[in-house]
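Everything on this sheet refers to the single structure shown next.
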Amino acid sequence: MSLHQNLTAGALALPQPYLLFLGDTVERGFAKTALGLRDWAPEKCVGELALPGAAVTTGLPPMTPAQAYAQGARALVIGVANAGGVIPQSWRASLVEALEAGLDIVAGMHTRLSDIPELRETAALLGRRLIDIRVPPAQIPVATGRKRTGKRLLTVGTDCALGKKYTALALARAFAQRGVASDFRATGQTGIMIAGGGMPMDAVVSDFEAGAAEMLSPDAAPDHWDLIEGQGSLAHPAYAAVSLGLLHGSQPDVFVVCHEPGRTDMLGTAGYQVATVEEIIDLTLALGRRTNPNIRCGGFSFNTSALEDAEAADVMRRESERLGLPVADPVRGGPAFDALVESCLA
């Protein structure tokens, strides 16, 4: 059977723990669902399943579906977010094997699990569930642009898949540790699986994008913060539309620019250079002021995972001095991240 969740109606009741499916992925950026679950919900993950040719790993033990079921897994999660959100033919035998081993399947792809005959038929025969996360709720309203109560922070990026989700999650944790009333608001499939609810923004019809963002982050107490996971990039030739709708609808008081030093080409779009942080600041301020005239930049989140400790620290220090705002890596934490948190709350 197929299960489409109403993502704003409460927590998701997903079968856990998970076997993380990596397919035959060779681009680390496309495995962000598996990597995000490993980093932010490790207690829910028992192992990984990769196909021949895969060049990405979560570092979790490799397992067959049967082995994972014996270790307690109750669902296989498709941990890949490839271009177009498709489920290729080369994956399907392994997905059928997972159903036969006793696992339900959870996916955040644009392709619906129940639209694949062999999955639909096997699930029906065995009583397994096919759970699609990337399904927006019905009757999303058109945005009103009305200013809502409460405070909001949005993570924006110079490209896709470089740390917007991690930054929002890390800031939400830091706000909570400081006693600040706050909620993480998920806008992509991985965040939704971690948080247990949210809005799959890139599956919303364009006319309703801003309305979906308003729905995701409703009126709140004056001192309450919503930490909203960003999507795409305002400069991306393919995904800027979802970024703009999210920006207008979320009406952020503060935004944090996410960037990966050393990345030159935009993910999935050969020939387009990654935007500079200055370009993203200018775009976000110019477009964001339409629904929140008081929007400001709180600082920068750098993904320095490709750099050694000393080089990362030097890059962030120099960029902070040049830009005049805190620059931090939320995974590395430390005083630089504390400064970013304080700048956002100021």
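The values are calculated or read from the model by the stated rules, or taken from the named source; none is laboratory data. It should be emphasised that the depicted structure is a prediction, and the values quoted were computed from it without experimental measurement. Because the Cβ atoms are built from the backbone with ideal geometry, glycine has one as well, and the counts that use them run over all protein chains shown. These accessible areas exclude ligands, DNA and RNA; they are computed on the full protein's heavy atoms, side chains included. Shrake-Rupley method; radii C 1.70, N 1.55, O 1.52, S 1.80 Å.
Some values worked out for this structure:
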| read-out | value |
| --- | --- |
| Sequence-distant residues sharing a close amide H with GLY23 (under 5 Å, placed H) | LEU51 |
| Rounded percent of accessible protein surface that carbon and sulfur make up, the chain, 1.4 Å probe | 53 percent |
| Within a Gaussian network of the chain (alpha carbon springs, distance under 10 Å), most fluctuating of ASP159, ASP314, ASP202 | ASP314 |
| Anisotropy class of the range 199-346 from Cα gyration tensor, a/c 1.5 cut | oblate |
| Per residue accessible area of the range 151-345, 1.4 Å probe, in Å² | 39 Å² |
| Å² of accessible area per residue within the range 11-134, as computed with a 1.4 Å probe and no ligands counted | 39 Å² |
| Helix 334-345 axis, angle to the chain major axis (alpha carbon atoms, nearest 10°) | 70 degrees |
| Loop GluC sites (Glu not before Pro), the range 295-346 (other Cβ atoms within 10 Å of the site Cβ: 12 or fewer; DSSP) | GLU308 |
| Among ARG112, ARG129, ARG92: highest mean-square fluctuation, GNM of the chain, C-alpha pairs under 10 Å | ARG92 |
| Counted charge near TYR166, where neighbours are those whose Cβ lies closer than 13 Å (Asp, Glu -1; Lys, Arg +1) | +2 |
| Ellipticity estimate at 222 nm from DSSP helix runs (n ≥ 4, -39,500 (n - 2.57)) divided over the chain, nearest 500 | -10000 deg cm²/dmol |
| Residues whose placed amide H lies under 5 Å from that of ALA75, excluding near-sequence neighbours | LEU19, ASP104 |
| In degrees, nearest ten, helix 277-288 long axis to first principal axis of the chain (Cα) | 90 degrees |
| Charge tally in the Cβ shell below 14 Å around ASP338, where Lys, Arg are +1 and Asp, Glu are -1, ASP338 excluded | +1 |
| Helix 164-177 vs. the chain, principal-axis angle (Cα, 0 to 90°, nearest 10) | 70 degrees |
| Gap separating the Cα centres of the range 42-110 and the range 222-270, nearest whole Å | 28 Å |
| Non-local Lys pairs in the chain, i.e. 8 or more apart or on different chains, that have alpha carbons under 20 Å apart | 6 |
| Extension gain from GLU118 to ALA339, taking 0.36 nm per residue of separation minus the Cα-Cα distance | 74.4 nm |
